[in-house]
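Some notes on the structure that comes next.
Where a number appears in this text, it was derived from the coordinates with a stated rule and is not lab data. Quick caveat: nothing in here was measured; it's all calculated off a predicted structure. Using ideal geometry, Cβ is built from the backbone for each residue, glycine included, and neighbour counts are taken over all protein chains shown.
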């Protein structure tokens, strides 16, 4: 039987990756990364530190270059490989990254008059210019449509679809008026590959729509016109041009155009799946399923799990989103996350630059590995970039307590890792308290790959084994899986995501198992973490903290004995 | 008129300094420092990190070498100078630093059988071996003699006289039994110079006795035998050999012996003043008086002021000590302090070693000087070494809040300085709340001399001008003032401390005046500091801290605009 391959395209913040995967076993046979050409590492910046944009030309060039190079690598690694054997394509992107397009679905940024207008670019996920608009949307929704925000933790973020569009309307009306539609790049890129960018043909994906644009089948799709009109009549008018239904990634938006086939050497007409966000397809590539929580741990984390069935589960306070079909069709997808993990460790190494010149991640990790749980007497909160789950509050900051005159950088480094582990445990607990079981935790991403110390601390803090996804490119793998599913069994692909995952995903053999003695100490420390968490992070908490420093000293003394 | 000089001897932790001062104007004409020969920089250590001892031989050698060298320097700097012109000597030492002596008043350490017995040495102020005994003494006093500990902030410290003696009794009974008496080195060194070491002649100083041994005229001197016997009958028995009265430093313990005159070239018979602690005579050398608070700022601080009259003031919660005559005769002396100031800055530079290799005090100070109050969004507690005043709690630790992903070392360095300023303000407020006015603040010590940034922040935080003592050797100068007072007007000295201070002390011309705008921001930050202070430091506080991080961000945003 001829081997069949699927192609995953993973559009990140700074670059795009193409990955060619053997459909039979998930083996990654060719990959290539292309760094975006515009801006600072692909991100167009301005004087406003909240602004972050991308030029859509990078999406076009990126697909061509990365696909060609990945195919070339597959040719070198597999004897007899032909791009004709690629049966389907999946795409994942960052998000919410909406972009204004014209009546034909072409990016406004491609028009001469808008080519240097920042508002005509793609508004990258981490663009925070719409802070005021986000507050306005949250306030209105709480007042007249509380169910809209209950699904996304009670707060509509400045990073999301309508905040950005409303901010454009308020600050750059000429772009807003020229835009026929705003399209998530997760939708636009598959459309570009299949020639379906035209607003009448464009397919919206349920992942972006559900998690970032308050879309739900439970209330007839996107927020109603009346609600949007109260924010701005022009937004209500825009509503009429948004698709009434959004699709899951087991559906194809169309077939690869001849032009794209020619450019890349792939077969024309092979199906391209409905797009989705990187974290969600990353969870698929890590084997997410009911009871399995996938943690994508990099600069921040995205924590994804699913629950089967079509009945919407109860809203969970502090969760970023609960969306039917956003991860696996036929399941509700849950998204939670920590606003900073690797970013906190990077801050300590790159901004504090401790230990003279010797304070690298490697040396701090080596030294921190020799410190026992509780031995430093330190405790930190992991809020240097706010708290996404479960507090949904960006206006929180870091905290470190327990410093003496002898506290070392490695002790602080370990305390920061532990703080992110306590944050991770808080998310797991919230899932379980809310009736979403977590029977398995699978980790992927840079930290999961590169920091055994972090993974062991996560195991010891949570009291759960930490498994690692076999693939180091789970997002691109998840996209490839979508490609294999839309190709279908008749083309050598799969009938559904579960079948594809069974064959194409896996775990590394190394599992980090919790040490009972360490876990016992961490249970005491977590109680103190939770006290600080609630005292500084919630308005409900009432109490006194005189025991905190003394308990840390008591734990330290017991551990040192 | 022939100029007259006074000699101050300042026994520190690592060295002794001799200072020859012109009695007419306080000019320092000769000085010399001798580093102790024993132990690690003068401190004898063991495996027990709480242990810190000194060998009394260093006190003897130190006096000889430092006096001779200081005199030699005076000869070089003043034409026609003769040591015969020195009219009196004063001595200050660390404390509580008690030492066991035999029936003749000779240190047990000088006996062959005890020469390597650590318990027979001087128990240096920072020896903490008596932690358990201190708790025992505190508990008993609270139960049956609450007035004993009310004068010293409610807690009897492991650093103090009876904790050390009781610990010796419990752990090295052979030394305890061989000791006829335990003598503070502040008493023993003047006795050594005057040949009055014999227990029948020995003079106890009220500074050591009052601040560290619960001595007060209000209850017949030292704690009563019944109290001490309940701790240990042998301690009750020792009580009978302690002097019934203690003296102030305007009294001489005797005249310099011929032997010491011969060794040093000074005139035999010149008076040697009753000793006192370094901080207290340092306050004298900085011009302390009613309304003037002297802050001696080094690794830690000692904050000293006085209140006139003989009626004991009300006890002040959280103050280290209130002792009649401990600073100026005829005044109650008040001692407060911060457990770490320079030590916290040193910790950050020497243990964290931030900014690659560039994180020196100088570079961090330069960068921190460019940061506006409130601009960093950081707030710290200055408790890395516990809190002496007003919480009297060694089991407290440091805290830093407000970190983002962009927080820099200079911002943290400044936040640490600000934290010590907030601690300083808390002490000033406690004095004033308690009816002890603070109309002037005079600073001395290494930080006051070397860190204009710290002094400016103290001015801005407290809203008070920060003045700096003219002398950089205020402790030795204070001792020399005591020497000039015991010499008396007929010998060319002074009738009392006030007269001597008027002529021999002064201020530097540079005064750090508060900037109103900076003070306004610091008033907001202090409110948050006080909230954290009370929340983590007291059992009484009840509340919620959800506003802390947000207020810091609000202040930051306002300042940055």
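Table for the structure above
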quantity: Anisotropy class of segment B:256-401 from Cα gyration tensor, a/c 1.5 cut; calculated: oblate
quantity: Debye intensity ratio I(q)/I(0), log10, segment A:326-374, q values 0.14, 0.22 Å⁻¹ (C-alpha model); calculated: -0.55, -0.84
quantity: Protection proxy ranking of A:522-532, B:480-490 - average other beta-carbon atoms within 10 Å, highest first; calculated: B:480-490, A:522-532
quantity: Average beta-carbon neighbours from other chains, 10 Å sphere, peptide A:269-282; calculated: 0
quantity: Chain A - share of DSSP beta bridges that are antiparallel (%, nearest 5); calculated: 70
quantity: Rg/Rh for segment A:314-399, where both radii come from Cα atoms and Rh is the Kirkwood radius; calculated: 1.13
quantity: Tail beyond 55 Å, pair distance distribution of the protein assembly as shown (Cα, percent); calculated: 33
quantity: Over chain B, volume per residue of the alpha carbon convex hull, in Å³; calculated: 149
quantity: Three-way shape call for segment A:272-329 based on the alpha-carbon gyration tensor, with the a/c threshold at 1.5; calculated: oblate
quantity: Inter-copy separations for residue A:47, label at 7 Å along Cα-Cβ, nm, ascending; calculated: 6.7
quantity: Segment B:144-192 shape via C-alpha gyration tensor axes, a/c threshold 1.5; calculated: oblate
quantity: Beta bridges by DSSP in the protein assembly as shown, antiparallel share as percent, to the nearest 5; calculated: 70
quantity: Alpha carbon centroid spacing (whole Å) that separates segment B:163-198 from segment B:56-132; calculated: 14
quantity: Teacher prompt: residue B:220 distances to equivalent labels in other copies, 7 Å Cα→Cβ, nm; calculated: 9.4
quantity: Distance between segment A:512-552 and segment B:501-561 - C-alpha centres, whole angstrom; calculated: 28
quantity: Label 7 Å beyond Cα on the Cβ vector: residue A:539 copy-to-copy distances, nm; calculated: 3.2
quantity: Directionally averaged shadow of segment A:408-519, computed from the convex hull of its alpha-carbon atoms, nm²; calculated: 8.5
quantity: Volume of the Cα convex hull of segment A:125-249, divided per residue and given in Å³; calculated: 103
quantity: Pair-distance profile P(r), taking every C-alpha pair of segment B:224-279, with 5 angstrom steps and integer %; calculated: 5, 17, 13, 12, 13, 14, 11, 7, 6, 2
quantity: Shielding by partners, peptide B:354-362 (average Cβ within 10 angstrom, other chains); calculated: 4
quantity: Helix B:516-537 vs. chain B, principal-axis angle (Cα, 0 to 90°, nearest 10); calculated: 70
quantity: Alpha-carbon centroid distance for the pair segment A:202-246 / segment B:331-364, whole angstrom; calculated: 57
quantity: Ellipticity estimate at 222 nm from DSSP helix runs (n ≥ 4, -39,500 (n - 2.57)) divided over chain B, nearest 500; calculated: -11500 deg cm²/dmol
quantity: Shape parameters for segment B:378-432, alpha-carbon atoms, Rg then Dmax in Å; calculated: 12.3, 40
